[in-house]
Amino acid sequence: MLLKNYKITFLQQLSSLYDEQEIESCFKLVLEDFHQIKRIDLALNPKMELDSTQLQCWESVLTELKMQKPIQYILGKTEFFGLPFLVNENVLIPRPETEELVEMIIKNTKKRASNTKLKILDIGTGSGCIAISLAKNIPNAVVYAIDVCEKALAVAKKNAEINKIAIDFILNDILTTTDLEQQFDVIVSNPPYVRNLEKHEILPNVLEYEPHLALFVEDDDALLFYKKIAQLALKNLTENGQLYFEINQYLANETFQLLESLGFQNIELKKDIYQNDRMISCSYS
């Protein structure tokens, strides 16, 4: 079967579940993964055929996409901040908004990092995307990463190996931690922040496949992680150290007020590419 003809079938069978752009993106990712070619290569070679084994692999992907399983989980990998990452059902799929958080930290620490080693802690590391990207892009950074899930840490450790980065991974429940036992120049976290009352906004491919442990918090204590991490930061940030969070867009003011009430300074709220309040940074001296 000609691959260009199969593409028509692929698009048609998914058209009721996804928009055209998303289907095209899925097709591109599978094309690159299965055949190591770009869409332009297919256009230049319209007579490229699928053998029976290749067709079976494509059909398997199509079946899982019809079940709204994320393409990243189907292929077992994704890209974040220009780096390759393995992903599975034990970790969240890294988002573009989180890339903006990483970029913000790199920009803000550029001057300090050129003069001294920075100790950085990523709390709730998941796939390790934040920790690894920071370690890769901040000169002389010494990076630590905590997660409560042993299976998530296993994924993060593999990703550190793939990207040839040394990270000190720690299995720990941050909610029961009373002291981080050392000082850090930067603490960053993208903790669970989606309230149960917001589940109706979550797409099925996220709600049914991504780990709820990393996504959801109770409606009546939505800032639980922010409060705990901020309190630890008061003890464990170096002088003029910086605290960074990815936040729930609906709780931006509440998060700002929480940090302010704890005595943090230079609190900055920043919007993401979709113009939602998504990142907050502050310092403590």
Query raised in the report: For segment 270-279, what are the residues that are closer than 16 Å to Y193 by Cβ and either among the polar types (S, T, N, Q) or touching a helix residue (DSSP H, G or I) at 6+ places or on another chain (Cβ under 6 Å) (or both)?
Result: D272, N276, D277, R278, M279
Query raised in the report: Is it the case that segment 126-145 has a residue that's out of contact with any Pro (no Cβ under 7 Å at 6 or more places or on another chain), open to solvent by less than 10 Å² (accessible area, probe 1.4 Å) and of a type in the set (S, T, N, Q)?
Result: yes
Report task. Report, ordered by the first and then the second residue, all pairs with beta carbons closer than 8 Å, sequence separation of six or more or different chains, a first member in segment 127-148 that is without any contact (Cβ under 8 Å) to a residue 24 or more places away in the chain, and a second member that is open to solvent by 30 Å² or more (accessible area, probe 1.4 Å). Result -> none
Requested in this report: With respect to N266, determine if the residue is open to solvent by 80 Å² or more (accessible area, probe 1.4 Å) and either in contact with a His (Cβ under 8 Å, 6 or more places away or on another chain) or part of a strand (DSSP E or B) (or both).
Outcome: yes
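Residue-wise test of (1) closer than 30 Å to V148 by Cα; (2) in a helix (DSSP H, G or I).
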site: E22; (1), (2): no, yes
site: F34; (1), (2): no, yes
site: I37; (1), (2): no, no
site: I40; (1), (2): no, yes
site: T53; (1), (2): no, yes
site: S60; (1), (2): no, yes
site: K69; (1), (2): yes, no
site: P84; (1), (2): yes, no
Report task. Within segment 243-250, identify whether any single residue is in contact (Cβ under 8 Å) with a residue 40 or more places away in the chain, open to solvent by 70 Å² or more (accessible area, probe 1.4 Å) and in contact with a Phe, Trp or Tyr (Cβ under 8 Å, 6 or more places away or on another chain), and answer yes or no. Result -> no
Requested in this report: Mind listing just one residue for me: the one in segment 269-278 that is outside any loop (DSSP other than H, G, I, E, B) and of a type outside the set (K, R) and, of those, surrounded by the most Cβ atoms within 10 Å (Cβ to Cβ)?
Outcome: D277
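The values are calculated or read from the model by the stated rules, or taken from the named source; none is laboratory data. Please read these numbers as outputs of a predicted model, since none were measured by experiment. Virtual Cβ from ideal backbone geometry, glycine too; neighbours counted across all protein chains shown. SASA here: full protein model, heavy atoms, side chains in, ligands and nucleic acids out. Shrake-Rupley method; radii C 1.70, N 1.55, O 1.52, S 1.80 Å.
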